[in-house]
Amino acid sequence: MEDSGGTLNGLIDAVDTFAAATDGDDAWLRAVALVEDEDANALNMVECMADGTPVWFRSSMSEAWLKDYFDQTFQQIDPLLLGACRGGRVLRMTDGRIDGITGDTAPERAMSDQIVRWDYRIIDFCAYTAPEPGSFKAISIARAADAPAPDRRAQLRAAVIAAAIGPPETRDSPGATPMMDPALSTRERDVLRYLAAGHRNDAIAFRMKIAEVTVRAHAAQARRKLGAATREQAIALAIRSGQLRL
């Protein structure tokens, strides 16, 4: 049976820690210190659209690993995000895999191998409803070695941390990921704005006085920067991140 007194005191301590934070960046650093005190080796926070596409992503994982994660679009096959899209709210990933979710494709094997190589062997994940309809906010805590599954106390503590942490305020904020860099160019924003208005590639090319192939290139580059699988996702993510106003 869990120690209810200890659980409550731990939650009060966590709340007090974040109440003393001077800003969002300070809150993030305090959150990382909290999880590291419990033998974790990384903290992640993410807000996703209903289909699992990240809107923002904050992490204390290795910068090199995060660059690989986004460069190889692992967010599109991440079993934690896929599980949350299927309604999972408390998940555990072991060696980059979750039974019943992870398949055996080459990208999935590559993601699993790289997570093991970076020593993020166990990742516990909790998801919560976000303000935008259908979207969710989630916290994940990584460890190099096996540990008991999160009990009620750990889940409540994770909820306190998740409530205290928001997106990075700038690209230089602690925990900012390669997902925030680089920003969309003026041309890329213009192409997305025309696409959002319902214009076809040829009409956009005429309006912008560029070749149609260049329109397609700008749209593809915008999708790559935003980590979006489709043009529709790119438009939604650009709006949510404040880079596009219609």
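Tabulated data for the structure shown
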read-out	value
Long-range Cα-Cα pairs in the range 32-84 (distance over 16 Å), rounded percent	47
Span-rule helices in the chain, defined as complete DSSP H runs reaching 30 Å or more along the axis (Cα) with Kyte mean at least -0.5	none
Taking N as its residue count, the alpha carbon Rg of the range 109-172 over 2.2 N^0.38 Å	1.33
Percent accessible area from carbon and sulfur atoms, the range 24-159, protein chains only, probe 1.4 Å	51
Segment residue 51-residue 146, extension gain: residue separation times 0.36 nm, minus the distance between their alpha carbons	31.2 nm
5 angstrom amide H check on residue 147, placed H, neighbours 5+ away	none
The range 35-108: trypsin sites (Lys or Arg not before Pro) falling in loop per DSSP and having at most 16 other Cβ within 10 Å	86, 89
Theoretical gain in end-to-end length, residue 29 to residue 208 [0.36 nm per residue, Cα-Cα removed]	60.0 nm
Extension gain from residue 64 to residue 128, taking 0.36 nm per residue of separation minus the Cα-Cα distance	20.2 nm
The range 103-136-the range 84-102 distance, computed between alpha-carbon centres (Å)	7
Average projected area [Cα convex hull, the range 190-242], square nanometres	3.3
Taking the chain and dividing mean pair separation by its residue count, relative contact order in percent (alpha carbons under 8 Å, at least six apart)	21
Sites residue 20 and residue 232 - FRET efficiency at Förster radius 35 Å, r taken between beta-carbons, to 0.05	0.25
List 99, 113, ordered by accessible area with a 1.4 Å probe, largest first	99, 113
The chain: most fluctuating residue of 107, 131, 168 per GNM, C-alpha cutoff 10 Å	131
Zero-based 5 Å bins, Cα pair distances in the range 114-212, whole percents	2, 9, 13, 12, 14, 14, 9, 9, 7, 6, 3, 1, 0
Extent along principal axes [Cα atoms of the range 1-139; Å; largest to smallest]	46, 37, 35
For the range 1-70, Kirkwood radius (reciprocal of mean inverse C-alpha pair distance, Å)	14.2
Förster-model FRET efficiency, 35 Å R0, residue 245 and residue 89, C-beta, rounded to 0.05	0.60
Magnitude of the charge dipole, the chain, Cβ model with Lys/Arg +1 and Asp/Glu -1, debye to 20	1380
Lys, Arg +1 and Asp, Glu -1 on Cβ, resulting dipole of the range 197-246 about Cα centre, debye, nearest 20	140
Quotient of C-alpha Rg and 2.2 N^0.38 Å, computed over the chain	1.09
Qualifying trypsin sites (Lys or Arg not before Pro) for the range 140-217 [loop in DSSP, other Cβ within 10 Å: at most 16]	171, 200, 209
GNM top mover of 190, 104, 51 - the chain, alpha-carbon springs below 10 Å	104
Among 155, 198, 98 the positive-end extreme of the charge dipole of the chain (Cβ point charges)	198
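The values are calculated or read from the model by the stated rules, or taken from the named source; none is laboratory data. Quick caveat: nothing in here was measured; it's all calculated off a predicted structure. Every residue, glycine as well, gets a Cβ built from its backbone with ideal geometry; the counts of neighbours run over all protein chains shown. Note: accessible area is taken over every heavy atom of the protein model, side chains too, but ligands, DNA and RNA are not part of it. Shrake-Rupley method; radii C 1.70, N 1.55, O 1.52, S 1.80 Å.
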